[in-house]
Amino acid sequence: MDYLWAPWRFAYFEDPFPVEGCLFCWAPRQEDSPTNLVVYRGEHAYAMLNRYPYTSAHLMIVPYRHTDTLVTLEDPVLLELMHLTQQAIQVLQDLYKPQGFNVGFNIGRAAGAGIVEHIHLHVVPRWTGDTNFMTTLAQARVLPEALDVTFEKVRTAWQRRFPPSQKRPSSPSASAG
């Protein structure tokens, strides 16, 4: 039998990161760090790393507004969700050179949404040969980079490639409408 040694994962068992209320409303109220995983902030939406990623550098693009559906979002919010998705793909291509991406929303529990009450768009980098055999055979995922390292790399690269706009809301709740 082979053993997969991942001591950094113990922190997830020891402290499962309880957050009061909605994680996606909580995260932008915190200072950007490996704690909240916010790598970039826009006017109507922000980008953050997935704490339980499908692959390394799995990002989520999240509107500040708390909603469980796309149909309530105004055009400027929808447009920024797509612009941040474009930027995310460019940053991940620069850093990790994936050969493809899975991009999309899981809206509703039946569609696989883990956090049903606040929509978010997944940007998942993929590599040729990444056939999920570990997930299928061992029911485990192998992530070659620690989350805090990924956070620093993605945040730095994003800020360098796309300097933050001066048109940010004074607080995330300003866009929560």
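Just so it is clear, none of the values below were taken in a lab; they were calculated from the coordinates. Bear in mind that the values here come from a model prediction, so they are computed numbers and not experimental data. Cβ sites come from the backbone with ideal geometry, for glycine too, and all protein chains shown count toward neighbours.
May I ask you to derive the relative contact order of segment 19-163, considering only C-alpha pairs under 8 Å and at least 6 residues apart, and to give it as an integer percent? The partial results should precede the final answer.
Details: 221 pairs, mean separation 40.3, N = 145.
Relative contact order for segment 19-163 comes out at 28 percent.
Testing the spin-label approximation: label points 7 Å from Cα along Cα→Cβ at I107 and W26. State their distance in nm.
So the two model labels end up 2.6 nm from each other.
Given the C-alpha atoms of segment 19-163, compute the convex hull and give its volume per residue in Å³.
116 Å³
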